[in-house]
Every structure is written in C-alpha cells, then in structure tokens.
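In what follows, a single structure is set out as structure tokens and then discussed.
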Amino acid sequence: MKIAVLPGDGIGTEIVAEAVKVLQVLDLQFEMETADVGGVAYDRHGHPLPEATLKLAKEADAVLFGAVGDWKYDKLERQFRPEQAILGLRRNLGLFANFRPAICYEQLTHASSLKPELVSGLDILIIRELTGDIYFGQPRGRRASPDGAFAGAEEAFDTMRYTRPEIERIAHVAFQAARKRSKRVTSVDKANVLETFQFWKDVVTEVGQQYPDVKLDHMYVDNAAMQLVKQPKAFDVVVTGNMFGDILSDEAAMLTGSIGMLPSASLNASSQGLYEPSHGSAPDIAGKGIANPLATILSAAMMLRFSLNQPHAADRIESAVKDVLAQGLRTADIWSEGTRKVGTREMGDAVVAAITKKT
Ligand code: NAI
Ligand code: MG
C-alpha cells in the first residue's frame, strides 16, 4: 500500500504530521512518501502542483492531504494559486465523489450552534458530486447582454450541466453507502426551477430502482438547507450536485461544533482517494501548534476504510479519538470550561497512546 503524503501550507504540515504518527503505530505495511503541494510547492518549484507531486499521487493508492493556501498568494495569476493544486488533483485522479460525514461526538454536543438535543447522536453523510455542475460547465464568460431588459449591458454567465453518466455514478455511490448505514438516501435538487436538476431527479430515481432496499426521497435544496438546521437527524445519506453540495456540506459541518473535527474523502471509480480535513490552511493560527489535528486523523481513518481496505484499523483510530475526547482533552477550537486544553502534538500523542493502550 502506498500513501502519498501532501501536507501543503499553513497548519497543513502540523496536522498531517500527527496523522502520519497515528498511521505509523497501526502495524500495517505502508509505504509513505511526502511531496510539496500548494503555496509551498509554488515557492520551491514554481508550480502549486509540480509534475513529481502529481506522479506520486497518481501512483499511490491514496493521498493524505493537509491544506493549501495563504493570503500571500492572493495576487498570483489563477493558474499558480495554491487552490489549483486541489482542482488539478481532482481532475487528474478522476475524483468525482466527495464524502463529508457530519458526526457530532457526544462530548461536543454543546459546541454545536444548535441545541444539544437536536445534534446529540447526529451522524449524517453528505455526498457531493465533484466533476460537473455550474462550476465547470461551458460556455461561461463575460459579454454584452444579448437580450432582455438590459440588452447591451455588460453581463457574466455560467452554465449548469450534468451528463447522465455523471449522475448515475454518483447515485450508485450514494445508494451503496446507504446500504452500509440506515438505508435512506435524500437526493437534493432544484427540479422545480432547473432543467439540469429535473434530469438529476429523474436519473437518481431510475438508479434507485436497482436498490429497492434503500428508501429514496427527494428534497428541494432550499428546503434541505432549512431541514438541516431544523431536524438534522432526519437525514442519513444526502446526495447532491457540486454547488448545492459545497454549500450544504459546510452548513452540516457547522452543526457538529468545530471544522477542526471534520474529515473528508474524494474518491474515483477505482476507489483511489484523496483524504483531507474539511478545513483550510488556517493561516491565522499556523505555526502556533494549536490547530486541531483530529479532522486529519479522522481523514486517515476514512482512507484506511475506503481506499486501503483496512476497516479494522479505521475503527481503532475512530475509537481512539472518542477516547481522547472522553478523557477531556481539547484543542482550543473545541475547548470549554472543565476540559483540558492541549496543543496539536499533545492531541496526536494522546490518540497514539489510546491506540497502543488497547493492543
Ligand atoms: P480555514 O478553514 O483555513 O479557517 C477558518 C477558521 O477556522 C480560522 O479561524 C481557522 O483558524 C479555524 N480553523 C481551521 N482549521 C482549524 C483546525 N484544524 N483547528 C483549529 N482551528 C481551525 O478557512 P479560511 O480562513 O477561509 O481559509 C484560509 C486558507 O485556506 C485560504 O487560503 C483558503 O483558500 C484555504 N482553504 C483551503 C482548503 C483546502 O486546502 N482544501 C479548503 C478551504 C480553504
Ligand atoms: Mg466549501
């Protein structure tokens, strides 16, 4: 098993170091190789996704990614910005399914922006399609408006598009994921207004006929945004397009307390995947040793489960994370009165200790 380790910028190096430490105590046969990505790669090699990094990622079974970006790169031309590294990896590895679990750990229910009873026991999975939708649809651009009340005025436009195969493959991913959970899928669309999402709804419904054991319902995105804060536990698996998924997954993330707790996975058709925390490079706290490494450690657990076929090792990590929370250890982002504030390294050490104690 080969893992490409791409720490990136800001807190990326700090949090990935802890996840690597955790992977190393599992007694599994990994080959881990580290490479530069993002702003740090631009500084050293003149490109946010150097050839050598891309080659390593392509050859690996999985990529463990930290985060990229810093305000100091904001003035660079778009193609050299750190974020281009993520888009380039997604494109080159064919990653089309983004998994974002939103799990509210028992000890952190009070950290949520919702009432504890609404989030206690929350465990939902948002699956976002990554390759299509208005983010990539052509044509796009700026022009003089050809018609309408403001004909002749300057305008900008994007195009929302989805092909049948794109919808079918993400629908299969969602139904299969639901089979391993409580067998419910909510497909989120805007079929009442958008042709693209009427098509989405039709295709998801067709695919659903192959999964008679999974209950499928459909919800408009505006209602879904509302239900997520009204009764989030009513959801199990949510599947949606690129843009709605971008927004809803951030909304769901906030229900659980801290962005520092949320892992993510992006998979392709051969279950090769890129695993990263849902948060960014947090330049405001980088280098201070206070970032929460748990989102990255939990991403490593997802990597073991989805790409490396080591579900038992994944369970060990997840249970160790629950242990350290139960011990009252908290990084600053999840700290509250009566708990013990620890730094990044101490949190990683505690997870390692919880794993080794049990073996
Ligand atoms: P961010 O997620 O980096 O930070 C938002 C807030 O959450 C900050 O106050 C930060 O200190 C805090 N935070 C984030 N992760 C944390 C952790 N593990 N522990 C404790 N606190 C944490 O988002 P922001 O500030 O919008 O973006 C900063 C940079 O990150 C930008 O350059 C942005 O482009 C990049 N970014 C990169 C992503 C990626 O690599 N996939 C995703 C999102 C943003
Ligand atoms: Mg986002």
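The values are calculated or read from the model by the stated rules, or taken from the named source; none is laboratory data. Remember, predicted model here, so these are calculated numbers, not experimental data. Cβ coordinates were reconstructed from backbone atoms using ideal geometry, including for glycine residues, and neighbour counts include every protein chain displayed.
A compact table of results
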| read-out | value |
| --- | --- |
| Filter result for the condition that a residue is within 14 Å of the chain's Cα centre (by Cα) and not acidic (Asp, Glu), over Gly88, Gly66 | Gly66 |
| Selection within the range 115-136 - part of a loop (DSSP other than H, G, I, E, B), out of contact with any Asp or Glu (no Cβ under 8 Å at 6 or more places or on another chain), modelled with pLDDT of 90 or more and more than 19 Å from Ser319 (Cα to Cα) | Lys115, Leu130 |
| Filter result (at pLDDT 95 or above and away from ligand 2 (no atom under 15 Å from the Cβ)) within the range 239-264 | Val239 |
| Residues of the range 26-58 that turn out to be touching a His at 6+ places or on another chain (Cβ under 8 Å) and either more than 21 Å from Tyr73 (Cβ to Cβ) or not small (Gly, Ala, Ser) (or both), as a count | 1 |
| Residues satisfying the stated conditions in the range 250-307, i.e. within 13 Å of the chain's Cα centre (by Cα) and charged (D, E, K, R) | Asp250, Glu251, Glu276 |
| Residue ranges of helices (runs of 4 or more DSSP H) in the range 277-359 with at least 2 members basic (Lys, Arg) and not assigned by TED's automatic domain parsing to the domain that holds Ala62 | none |
| Some residue of the range 87-99 being under 24 Å from Gly289 (Cβ atoms), surrounded by fewer than 23 Cβ atoms within 10 Å (Cβ to Cβ), within 12 Å of ligand 1 (Cβ to nearest atom) and touching a residue at least 60 places away in the same chain (Cβ under 8 Å) | no |
| Residue that is farthest from the chain's Cα centre (by Cα) [pool: residues in the range 139-176 that are surrounded by 10 or more Cβ atoms within 10 Å (Cβ to Cβ), of a type in the set (A, V, I, L, M, F, W, C) and outside any loop (DSSP other than H, G, I, E, B)] | Ala144 |
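Residues are listed down the side, and each one gets a yes or a no for (1) in contact with a His (Cβ under 8 Å, 6 or more places away or on another chain); (2) closer than 19 Å to Val119 by Cβ; (3) within 14 Å of ligand 1 (Cβ to nearest atom); (4) in contact (Cβ under 8 Å) with a residue 24 or more places away in the chain:
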residue: Asp246; (1), (2), (3), (4): no, no, yes, yes
residue: Pro263; (1), (2), (3), (4): no, yes, yes, yes
residue: Leu267; (1), (2), (3), (4): no, no, no, yes
residue: Glu276; (1), (2), (3), (4): no, no, yes, yes
residue: Ala282; (1), (2), (3), (4): no, no, yes, yes
residue: Gly289; (1), (2), (3), (4): no, no, yes, yes
residue: Asn292; (1), (2), (3), (4): no, yes, yes, yes
residue: Arg316; (1), (2), (3), (4): no, no, no, yes
residue: Arg330; (1), (2), (3), (4): no, yes, yes, no
